1. So VAL171 passes all but one of these: (1) touching an Asp or Glu at 6+ places or on another chain (Cβ under 6 Å); (2) crowded, with 18+ Cβ neighbours inside 10 Å. Which condition number does it fail?
2. Would you confirm whether or not the range 30-39 contains a residue that is closer than 20 Å to ILE108 by Cα and in contact (Cβ under 8 Å) with a residue 40 or more places away in the chain?
3. How many residues are assigned to a loop (DSSP other than H, G, I, E, B) and of a type in the set (D, E, K, R) if we restrict to the range 29-63?
4. Looking only at residues in the range 101-155 that are polar (S, T, N, Q) and out of contact with any Leu (no Cβ under 7 Å at 6 or more places or on another chain), which one is surrounded by the fewest Cβ atoms within 10 Å (Cβ to Cβ)?
5. Any residue in the range 41-67 that is acidic (Asp, Glu) sitting within a Cβ distance under 7 Å of a residue that is surrounded by 20 or more Cβ atoms within 10 Å (Cβ to Cβ) and outside any helix (DSSP H, G or I)? List the pairs, counting only those 6 or more apart or interchain.
6. May I ask you to list the residues in the range 95-108 that are over 14 Å from PRO62 (Cα atoms) and part of a helix (DSSP H, G or I)?
7. So for the range 104-117 (the condition being of a type in the set (D, E, K, R), touching a helix residue (DSSP H, G or I) at 6+ places or on another chain (Cβ under 7 Å) and under 21 Å from SER190 (Cα atoms)), does at least one residue qualify?
8. Scanning the range 64-94 for residues that are part of a helix (DSSP H, G or I) and surrounded by fewer than 21 Cβ atoms within 10 Å (Cβ to Cβ), which turns out nearest to the ligand (Cβ to nearest atom)?
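Each value in this text was obtained by applying a stated rule to the coordinates, not by laboratory testing. Computed from a prediction, not measured in an experiment: that's the story for all the values here. Cβ: placed from backbone, ideal geometry, glycine included. Neighbour counts: every protein chain shown.
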Amino acid sequence: MPGAIIEPENPPDEEGIHHWTTLTDAPKDHKKYFGQRHKFFSKYDEGIWMTDDAWFEVTPEPIANKIAAHISEAVGPEKSVLIDAFAGVGANAIAFALEGRWEHIFAIEKNPAALKCAKHNAKVYGVEKKISWVNGDCFDILPQRYSDMGDKAVLFASPPWGGPGYSTDKVFNLSTMQPYSLDFIYSRFSRVCKTMVLYLPRTSDLNQIAKFAPEGKKLEVAHYCITGASKALCVYIGDFNFPE
Ligand SMILES: C[S@@+](CC[C@H](N)C(=O)[O-])C[C@H]1O[C@@H](n2cnc3c(N)ncnc32)[C@H](O)[C@@H]1O
């Protein structure tokens, strides 16, 4: 019913999933992230579910929305499938679904607790049914299930960056990124889909990224900022045409 108030659903009584309502709910090392909860999800108070790691891994909603808009404006109509290879608690998948541009959206996530959060969070945003949820390792699942979709797909990847400590590096070394290096991700993903967007630390070493530019072509790299400060960057590889 339009305008109906939906009561927030309590997180399942399950290890690793929570919804903190006050600062005192948050453990000491998470308190600084709790203050940003509405930046992460504007509908946080409607009962968003998180895992401990999601507090420092989630893509803030304004950035997720901007990335979704940038992808939509830069790909041709032949691209109809969006695959989010590291879906986490769902911020990017939700933004892609809200765009309404994709025939199919697949959200792959290895951690069942995070996937449960993502599905639930998508329900809070009213887009749960627009996304196919896949629990498993993207490096296995992509070649098994999506090889035949490569030409019409865009692969979005926000891999783990090795924990919150990444932000202290002046220049972030993508060759030693944990648990997957940029080379590993690119080599595995490019066997399935040549058009991909990689969401990486804002201090990523651009020389390590430049080598993925096809002969004679440019790569687009965009910084995504909140209140004037870059939070992360995206590398756009493959069939993207951004307006000049
Ligand atoms: C940086 S987080 C993604 C955050 C997500 N964009 C969001 O906004 O919530 C990376 C996620 O990748 C998941 N992950 C790590 N290795 C994976 C793999 N091989 N296949 C699928 N998911 C994986 C982790 O469990 C984690 O939830």
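1. (2)
2. Step one: of the range 30-39, the residues closer than 20 Å to ILE108 by Cα are none.
No, because not a single residue in the range 30-39 is closer than 20 Å to ILE108 by Cα and in contact (Cβ under 8 Å) with a residue 40 or more places away in the chain.
3. 3
4. Applying the first criterion (polar (S, T, N, Q)) to the range 101-155 yields 111, 121, 132, 135, 144, 147.
Of the ones still in play, those that are also out of contact with any Leu (no Cβ under 7 Å at 6 or more places or on another chain) are 111, 121, 132, 144, 147.
Details: ASN111: 18, ASN121: 27, SER132: 12, GLN144: 9, SER147: 12.
So the residue we want is GLN144.
5. That search, which allows pairs on different chains as well, returns GLU57/GLY88; GLU61/PHE41.
6. Within the range 95-108, the subset over 14 Å from PRO62 (Cα atoms) is 97, 100-108.
If the condition is that a residue be over 14 Å from PRO62 (Cα atoms) and part of a helix (DSSP H, G or I), then ALA97 is the only one that fits.
7. Filtering the range 104-117 for residues of a type in the set (D, E, K, R) gives 109-110, 116.
When the remaining residues are screened for being touching a helix residue (DSSP H, G or I) at 6+ places or on another chain (Cβ under 7 Å), the result is 109.
From the residues that got through so far, the ones that are under 21 Å from SER190 (Cα atoms) too are 109.
Yes, the conditions are met somewhere in the range 104-117.
8. Our first condition is that a residue be part of a helix (DSSP H, G or I); within the range 64-94, this holds for 64-74, 91-94.
After this cut, where a residue has to be surrounded by fewer than 21 Cβ atoms within 10 Å (Cβ to Cβ) as well, the list is 65-66, 69-70, 72-74.
Details: ASN65: 12, LYS66: 13, ALA69: 16, HIS70: 15, SER72: 17, GLU73: 20, ALA74: 19 Å.
Within the range 64-94, the match that is nearest to the ligand (Cβ to nearest atom) is ASN65.
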